[in-house]
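The values are calculated or read from the model by the stated rules, or taken from the named source; none is laboratory data. What you are looking at is a predicted structure, and each value in this text was computed from that prediction instead of being measured. No Cβ is skipped: glycine too gets one built from the backbone with ideal geometry, and neighbour counts run over all protein chains shown.
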Amino acid sequence: MPNVKITLDGAQYEVDNKKTILEAAREHKIHIPHFCFHDKLSLSGNCRVCLVEVEKMPKLAIACMTPVAEGMIVNTKNERVINAREAVMEFILINHPLDCPICDEAGECKLQDYAYKYSKGFSRFVDNKNHKEKRVEIGPRVMFDAERCISCSRCIRFCDEIAGVHQLQFVNRGDRVTIETFPGQSLDNPYSMNVVDICPVGALTNKDFRFKSRVWEMSFTDSVCHGCARGCNIEIGVRNNEILRLNPRRNDDVNSVWMCDHGRLETWKNVNAENRIKSSKIRKEGQLVEVGWDEAIAKVASELKSFGKNEIAVLGSAFATNEDNYVLAKFAKEVLGTRNIDFCRHAEGVDDAVLVRADKTPNAAGAELVGIVPQENGMDFHKIISAIKAGKIKALYCLEDDVALMPGIEEALSNLEFFAVHATNHSKTTQYAHVVLAASTYAEKNGTMTNFQKRVQRVRPAVTTFEQDRALDNFEMSRWDKFAAHNDKWGKGPRRDARPSWKIIASIAGVMGTKYKFNNADDVFNEICQKIDGFKGLSYLKVGVKGAIVKQNHVAV
Amino acid sequence: MNDDKLLEKSEVIRVKDLSFMQRAYVFEILKGMFKAAKQIFKPTFTIEYPEVKFEHAASFRGRPVLVEENGVERCVACGLCARVCPALAIEVQAAETELAKERYPEKFEINMTRCIFCGFCEEVCPEEAIIMSNEYELAFSSQQESIFGKDKLLKSAEIMKPRLDFLRDHR
C-alpha cells in the first residue's frame, strides 16, 4: 500500500494514496463537515460544504473528491475555509424551512448541527422562502418533505447502489429541484427505510415513528435484530419503557450500516403488543389462569417428574439466546435425562443479495452449538412430532417458539398429556399449552445470539420487566428515566412479570433437586465458554459491541 | 486571681444616656400612639385577599397556560418546553393533524407540584404557545389533581392578550 505524506492543519501524516482528503482527515480525527459524502456510497460532491484549502491550488477544493498527493498541504480551519463554509451553509439554509420544532430529525440532524457549528447564526435573506410539497408519501414506509431536502442525492445513490433499484431521481432545476419516483411507482424496496437514516436532514422520515417521540427523550440500547440469521446490529430506541423504533448500528462485518425494513418494523412490535403474556399461566378447567412464579414452576416440576425419560421431548428455540438454549440442553440431559432434544428450523425462501437470510431465526447456529441437537439414539424434530402423534412421547417442553405454525403440528400438540411452553406472546402454540411460562423478549434480557457467520453478538435489555430496575441493572437511561419519581407518570410505562428462559429453567431444575449456580446471564455464558470448545476464550467483554466469531464448526453432543 | 478576672468581665455596664423625657416613659407612649393614629387617615395599602384579588403587572409569572387560537392550540408539540423545564414538570405527546402545522399535542400535561414558575417554557417556545398566566391560586387535595391536562391549560388568545403584548414588547 503506497503511502504519501500530507500536511493536515500543520501536522504531518502518512496516508494511503488511494484516499481522499476527507477520508485521510477522518482517519486522523479531523472532522471536515459533509452532507453528500457517505463512506458506503459513491462520491457525488454536490453539497460543497467540505471545502478545504490546498496550498498551490488556485481555488478551494472539495475534500470528499480530492485524492491526497505527496507533499500536499491542506488547511481545514483557516479563515478562507471558514468563510467559504459559512457561505455554503448560508446558501443551503436560504430555502430550508424553519421546521425544526415539527421535524422528526431535530436532535439528530446534520444540518442542525452544522448550522450551529459552521454557520453564522443569522440569515441575511429577506425574501420569502421557496415553497414545495410538504407531506408526500414517497413510499409505503417513508414520508418526504420536499421543502427540507438539500439535494445531497444520498437517497438516490442508496437506491441505485445498495438496494439495487433505481427508484428515486432528481427532477427540475435550480431551487425547484426535488426528488421523485417514476409516476405510479413508489419507494417500496425492502431496504427503503435506510434512506431515512442517511438523509442528513428531515426530508425523508420514518412513517411508523412519525411524531411518536423526540429523540432526546429516548434511550438507545445496543442490541441485535432478531428478524433473520444475519443478526444486524441495532439500537433499540425506548421511551416510557416502550420500544418506539430500531436503528441500524454500524458493524462492517455484519450489516455495514444498513438493515431491512422488515427487521426495522416488524421484529419488535410483539414486545409492546396487546397479546403479551404478562405473567405465567396454568391451564385450569380448559382456561389459562394467571398464577405466581412459584406455583407455575412447582407445577412444571411435578408434571415432568411423573413421566419416564423416554416419554419426554425437549425443543430449544432458534429465537432464544445461546444462554437459554444452553441451560435447556443442560437441564434436558442432566435433570430430565432425555435424549430427544432438537429445535424447529424456520428457513423460508432464499438469501437475498443484500442482508436478508433465508433462515428467519436469529440464533439457529447458536442453538446447535450449545447443544440443542438430538443425542445418541435420540429423536430429531420431525421424529419427535411423529412420536407424539403415535403416543410414544407424552410430555413436551418447548422454548420461545411458535411451533404450531409448522404444518401438521397442531394435531400432535393436542395429543400431548403435558405441554409446557416458554412464550412471550399468546400464539397458536399457547392454545395447546398446559403451562405457559412468561419469557422475557430479546429486548428484556442479557444474552448472546450466534448469527449465520457463527458470530456471537450481545443482546442487551432495553425494556424493564418486574424484576429489573433501570438504574440498578445498568440500563441505558434517558433524562426522563434518570429523574422520574415514583409518582411521575412518565418513565413508568407498562412492565410485565417475565423472566429470561434460562432463569426459569434453572428454577425448575432447583425444584427438581439440581441446583444451578447461575446468578446472571454472565455466569451462564462463562460456563458455555468453559464447556463448549468453539466458545473457549470468549466472555461478554470480548464479545463487546461488534461480536466475536466462534472458532470452529464444533457441534456439542 | 482567676476568680477576680472573671468577676471583672461579668460586670454589667449600664449606659445612662436616656434623656428625661425618655425616662418618663409616658411621653414616649403618646408619641407612638400619635404615629399610629396618623396612619388611619392615609389610603389603605393592604387588600382583603380572598374577596378582593390582587391586580398584577403583565410581567407577573403565574401558572403556565397554552394559548388557543381559532379553536386550536398554537402548540406544535415540539417538546422544547419539556426539554428545558428544570423541574421536568411537562410531558408532551405529539400526534399528526391535517392542519398546516402538521403536529399537535395529543397529550400535554404539566405536573403543577413540580412546576417552579421559572418561565423557561415560555421563553423557549418557538410558537408563543405556552405562556405564563396571572393565575396563582393553586391548591390540590391529591397528586392526581395537580396534573393539569389540556382541558385546564388551554386559554384563548384574547384572554391572554396582556401577557402576549408584554412578551412582544420585551422580546
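Per the listing A:Val171, A:Val224, A:Val215, A:Val177, the residue uniquely out of contact with any Asp or Glu (no Cβ under 6 Å at 6 or more places or on another chain) and within 30 Å of A:Lys129 (Cα to Cα) is A:Val177. Elements of the type strands (runs of 3 or more DSSP E) sitting completely within region A:1-99 and holding at least 1 residues that are closer than 30 Å to A:Gly164 by Cα and either in contact with a strand residue (DSSP E or B) (Cβ under 9 Å, 6 or more places away or on another chain) or at pLDDT below 95 (or both): these cover A:11-16. Look at (1) surrounded by fewer than 18 Cβ atoms within 10 Å (Cβ to Cβ); (2) within 14 Å of chain A (Cβ to nearest Cβ); (3) under 26 Å from A:Leu244 (Cα atoms) and you find that B:Ile110 fails only one, number (1). Among residues of region B:65-91 that are on the phi < 0 side of the Ramachandran plot and more than 10 Å from every other protein chain (Cβ to nearest Cβ), those with a Cβ under 6 angstrom from a residue that is part of a loop (DSSP other than H, G, I, E, B) and among the polar types (S, T, N, Q), sequence gap 6+ or separate chain, pair up as B:Val65/B:Ser133.
Applying the criterion of being more than 19 Å from A:Asp99 (Cβ to Cβ) and of a type outside the set (Asp, Glu) to the residues of region B:92-107, the residue that is farthest from the other protein chains (Cβ to nearest Cβ) is B:Lys107. A:Thr205 satisfies every condition listed in (1) within 14 Å of A:Ile138 (Cα to Cα); (2) away from chain B (no Cβ under 14 Å) except (2). Restricting the first member to region A:92-111 and to residues that are more than 14 Å from chain B (Cβ to nearest Cβ) and closer than 25 Å to B:Val92 by Cβ, and the second to residues that are of a type in the set (Lys, Arg) and surrounded by 21 or more Cβ atoms within 10 Å (Cβ to Cβ), the beta-carbon pairs closer than 8 Å and six or more apart or on different chains are A:His96/A:Arg148. Any residue at all in region A:257-279 that's among the acidic types (Asp, Glu), surrounded by fewer than 18 Cβ atoms within 10 Å (Cβ to Cβ) and closer than 22 Å to A:Gly231 by Cα? Checking region A:257-279: at least one residue is among the acidic types (Asp, Glu), surrounded by fewer than 18 Cβ atoms within 10 Å (Cβ to Cβ) and closer than 22 Å to A:Gly231 by Cα. Do we have A:Val126 as modelled with pLDDT of 95 or more and away from chain B (no Cβ under 14 Å) here? No, not satisfied.
Against the test of being among the charged types (D, E, K, R) and touching a helix residue (DSSP H, G or I) at 6+ places or on another chain (Cβ under 7 Å), the options A:Arg154, A:Arg210 yield a single qualifying residue, A:Arg154. Per the conditions (1) more than 18 Å from A:Phe37 (Cα to Cα); (2) away from every other protein chain (no Cβ under 14 Å), the sole criterion not satisfied by A:Val88 is (1). Of all the residues in region A:14-60, those that are within 23 Å of A:Glu79 (Cβ to Cβ) and either among the hydroxyl-bearing types (Ser, Thr, Tyr) or touching a helix residue (DSSP H, G or I) at 6+ places or on another chain (Cβ under 9 Å) (or both) number 15.
Scanning region A:144-203 for residues that are hydroxyl-bearing (Ser, Thr, Tyr) and assigned to a strand (DSSP E or B) yields one hit, A:Thr178. Taken over region A:250-262, the criterion of being touching a residue at least 60 places away in the same chain (Cβ under 8 Å) and either in the same structural domain as A:Asp351 (by TED's automatic domain parsing) or closer than 19 Å to A:Val545 by Cα (or both) is satisfied by A:Asn251, A:Asp253, A:Val254, A:Asn255, A:Ser256, A:Val257, A:Trp258, A:Met259. Could you check, for region B:108-124, whether at least one of its residues is in a loop (DSSP other than H, G, I, E, B) and within 16 Å of A:Ile102 (Cα to Cα)? No; the residues of region B:108-124 include none that is in a loop (DSSP other than H, G, I, E, B) and within 16 Å of A:Ile102 (Cα to Cα). Determine which member of the set A:Lys40, A:Lys5 is surrounded by fewer than 18 Cβ atoms within 10 Å (Cβ to Cβ), over 33 Å from the mean Cα position of the chain (by Cα) and touching a residue at least 40 places away in the same chain (Cβ under 8 Å). Result of the check over A:Lys40, A:Lys5: A:Lys5. Look at (1) within 20 Å of A:Ile384 (Cα to Cα); (2) free of Cβ contacts under 8 Å to residues at least 24 places away in the same chain and you find that A:Thr430 fails only one, number (2).
A:Lys546: out of contact with any helix residue (DSSP H, G or I) (no Cβ under 9 Å at 6 or more places or on another chain), touching a residue at least 24 places away in the same chain (Cβ under 8 Å) and within 14 Å of chain B (Cβ to nearest Cβ), yes or no? Taking the combined requirement at face value, the residue does not satisfy it. Answer yes or no: is there a residue in region B:99-106 that is assigned to a helix (DSSP H, G or I) and either touching a Cys at 6+ places or on another chain (Cβ under 8 Å) or surrounded by 11 or more Cβ atoms within 10 Å (Cβ to Cβ) (or both). Within region B:99-106 (the criterion being assigned to a helix (DSSP H, G or I) and either touching a Cys at 6+ places or on another chain (Cβ under 8 Å) or surrounded by 11 or more Cβ atoms within 10 Å (Cβ to Cβ) (or both)), the answer is no, since none of the residues qualifies.
Once region A:437-494 is narrowed to residues that are in a loop (DSSP other than H, G, I, E, B) and among the acidic types (Asp, Glu), the residue that is surrounded by the fewest Cβ atoms within 10 Å (Cβ to Cβ) is A:Asp469.
B:Ile159 fulfils the conditions (1) assigned to a loop (DSSP other than H, G, I, E, B); (2) within 14 Å of another protein chain (Cβ to nearest Cβ) except for a single criterion, (2). Listed by position, the helices (runs of 4 or more DSSP H) contained in region A:346-436 that have at least 1 residues being among the aliphatic types (A, V, I, L, M) and surrounded by fewer than 23 Cβ atoms within 10 Å (Cβ to Cβ) are A:381-389, A:409-414.
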